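Remarks on the structure that follows.
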Amino acid sequence: MPVINRFADLHHEIAGWRRDIHEHPELLYDVHRTAGLVADRLKDFGVDEIVTGIGRTGVVGVIKGSNDTSGKVIGMRADMDALPIMEETGQDWASKTPGVMHACGHDGHTAMLLGAAKYLSETRRFDGTVVVIFQPAEEGGAGGKAMVDDGMMDRFGIQEVYGMHNMPGLPVGQFAIRPGPMMASADLIEIEIDGLGGHAARPHECVDTVVVASHIIQGLQTITSRNVNPLESAVVSVTMMQAGNAFNVIPPRASLKGTVRTLKAEVRDLVEKRISDMVERLAGAFGARATVTYKRMYPVTSNHEVQTGTAVEIAREVSGTASVNDDAPPVMGGEDFSFMLNARPGAFIFMGNGNTAGVHHPEYDFNDEAIPVGCSYWANLAEKRMPL
Ligand code: NI
């Protein structure tokens, strides 16, 4: 079965929701309008139960199949939040809120899951229950964790959970997935360096925190090149450096921020330990003091074997065997669907967004041509995983 015909009829309507959400982007947990729109649509579709305010502003809808002898309950998740980026797409439906835009396609994810909810509420050709999950705060706020911590999995009896993200550069109609680690853990490092400030012309009387910071930055680069097994993956990026505010003053303080990405728990532990050892000792070697705060943000998004097999099978039903890469390389970006995958077995799949700007770019826009593909994936997942 290729793309479901019904989604050709609904395409225009779903694209309309998508563009409406795109015009009104909201950040993190402040997705009140979007969550309201989602709850209103679900009500229109006649889903069996709608619960708002899960994980602060998350929305959950329950759709029962025409039969429920299997007792199966499948969760399908979309994210609703936008990014603090000034939009430069020039589209008619561009953001009406300056400095905020849907630059990661969560508008499309939400609209596609709504489309699938509409279809599944109409047809109910499955034996079991579908739980549609609309989460806030994917972009750094751990909204997925908030929903899990709010007891969502137990409350709705979710047994398996599936997620989807669009991928620019992958043609529309194609999917990419792999079992095991699919996206990296994403952690935050903050380093504070204390030295001794003074006149820039008298460095011998100072402990120059700019020089210490530069050695620390260099040193951190050796963790990936000298400490992590070359067959494993890790990223250490220092992305913010703040020190001083005059050309002729050696600043007494400097601060660095950055991020660490890994695909395995052991590698994550190793990198964390090496950073704290190295920063304190390097600073000490120069007579300065440094402290590291290592914040574990998102865990590795790791796909479960059986559910990945299901996802591959469904994607092939929709797009054909040649259009599904079941051995896609992992991505070092983070994703808070990882919290849901740590709570229940499931799989996260990438779906082609075609030749668009990359996610988090001011010219990025979700590709509405992908809507029937994504909707068909969700609908097929319910009908094939829980057949009548
Ligand atoms: Ni995203």
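The values are calculated or read from the model by the stated rules, or taken from the named source; none is laboratory data. Computed from a predicted structure; not experimentally measured. So basically every Cβ, Gly included, is an ideal-geometry build from the backbone, and we count neighbours across all protein chains shown.
Tally up the residues in region 217-254 that are closer than 21 Å to residue 183 by Cα, exposed (fewer than 11 other Cβ atoms within 10 Å of the Cβ) and in contact (Cβ under 8 Å) with a residue 12 or more places away in the chain, please.
Residues flagged as closer than 21 Å to residue 183 by Cα, exposed (fewer than 11 other Cβ atoms within 10 Å of the Cβ) and in contact (Cβ under 8 Å) with a residue 12 or more places away in the chain within region 217-254 amount to 1.
Among (1) over 25 Å from residue 315 (Cβ atoms); (2) surrounded by fewer than 16 Cβ atoms within 10 Å (Cβ to Cβ); (3) touching a residue at least 40 places away in the same chain (Cβ under 8 Å), where does residue 27 come up short?
(2)
Among the residues of region 41-97, which ones are under 25 Å from residue 381 (Cα atoms), of a type in the set (D, E, K, R) and either more than 25 Å from the chain's Cα centre (by Cα) or assigned to a loop (DSSP other than H, G, I, E, B) (or both)?
Across region 41-97, the qualifying residues are 43, 44, 48, 49, 64, 68, 72, 81.
Is there a residue in region 170-191 that is farther than 30 Å from residue 78 by Cα and crowded, with 16+ Cβ neighbours inside 10 Å? Walk me through it before giving the result.
From region 170-191, those farther than 30 Å from residue 78 by Cα are 190-191; that's our starting set.
Applying the additional criterion that residues be crowded, with 16+ Cβ neighbours inside 10 Å yields 191.
Taking every residue of region 170-191 in turn, at least one turns out to be farther than 30 Å from residue 78 by Cα and crowded, with 16+ Cβ neighbours inside 10 Å.
So, in region 120-136, how many residues would count as being crowded, with 24+ Cβ neighbours inside 10 Å and either farther than 14 Å from residue 76 by Cα or modelled with pLDDT under 95 (or both)?
Summing the residues that are crowded, with 24+ Cβ neighbours inside 10 Å and either farther than 14 Å from residue 76 by Cα or modelled with pLDDT under 95 (or both) in region 120-136 gives 2.
Please verify whether residue 242 is polar (S, T, N, Q), out of contact with any helix residue (DSSP H, G or I) (no Cβ under 8 Å at 6 or more places or on another chain) and closer than 30 Å to residue 74 by Cα, treating the condition exactly as stated.
No; evaluated as a whole, the condition is false for this residue.
Kindly check whether there is at least one residue in region 357-369 that is hydroxyl-bearing (Ser, Thr, Tyr) and crowded, with 24+ Cβ neighbours inside 10 Å.
yes
Kindly indicate the residue of region 297-306 that is closer than 15 Å to residue 183 by Cβ and not aromatic (Phe, Trp, Tyr) and also surrounded by the most Cβ atoms within 10 Å (Cβ to Cβ) among those meeting that condition.
301
Sort out which residues of region 348-375 are touching an Asp or Glu at 6+ places or on another chain (Cβ under 8 Å) and away from the ligand (no atom under 13 Å from the Cβ), and write them in order of number.
Those that are touching an Asp or Glu at 6+ places or on another chain (Cβ under 8 Å) and away from the ligand (no atom under 13 Å from the Cβ): 354, 356, 357, 362, 363.
Does region 164-201 hold any residues that are polar (S, T, N, Q) and assigned to a strand (DSSP E or B), and which are they?
If the condition is that a residue be polar (S, T, N, Q) and assigned to a strand (DSSP E or B), then 166, 185 are the ones that fit.
So, restricting to helices (runs of 4 or more DSSP H) that lie completely within region 236-345, which ones have at least 3 residues that are modelled with pLDDT of 95 or more and within 16 Å of the ligand (Cβ to nearest atom)?
Output list reads 337-343.
What pairs come out if I take residues in region 102-122 that are under 10 Å from residue 6 (Cβ atoms) and of a type in the set (S, T, N, Q) and pair them with residues that are within 16 Å of the ligand (Cβ to nearest atom) and modelled with pLDDT under 95 whose C-beta lies under 9 Å away, six or more apart or interchain?
Correct list of pairs: empty, since none qualify.
From 66, 95, which residue is at pLDDT 95 or above, surrounded by fewer than 14 Cβ atoms within 10 Å (Cβ to Cβ) and farther than 20 Å from residue 339 by Cβ? Write out each step before concluding.
On the way: 95 fails: surrounded by fewer than 14 Cβ atoms within 10 Å (Cβ to Cβ).
Among 66, 95, only 66 is at pLDDT 95 or above, surrounded by fewer than 14 Cβ atoms within 10 Å (Cβ to Cβ) and farther than 20 Å from residue 339 by Cβ.
Residue-wise test of (1) touching a helix residue (DSSP H, G or I) at 6+ places or on another chain (Cβ under 8 Å); (2) closer than 10 Å to residue 177 by Cα.
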position: 308; (1), (2): no, yes
position: 313; (1), (2): yes, no
position: 349; (1), (2): yes, yes
position: 357; (1), (2): no, no
position: 368; (1), (2): yes, no
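Could you figure out which of (1) within 16 Å of the ligand (Cβ to nearest atom); (2) under 23 Å from residue 28 (Cβ atoms) isn't true of residue 182?
(2)
Looking for something assigned to a loop (DSSP other than H, G, I, E, B), over 18 Å from the mean Cα position of the chain (by Cα), surrounded by fewer than 14 Cβ atoms within 10 Å (Cβ to Cβ) and in contact (Cβ under 8 Å) with a residue 40 or more places away in the chain - is there at least one such residue anywhere in region 2-18?
yes
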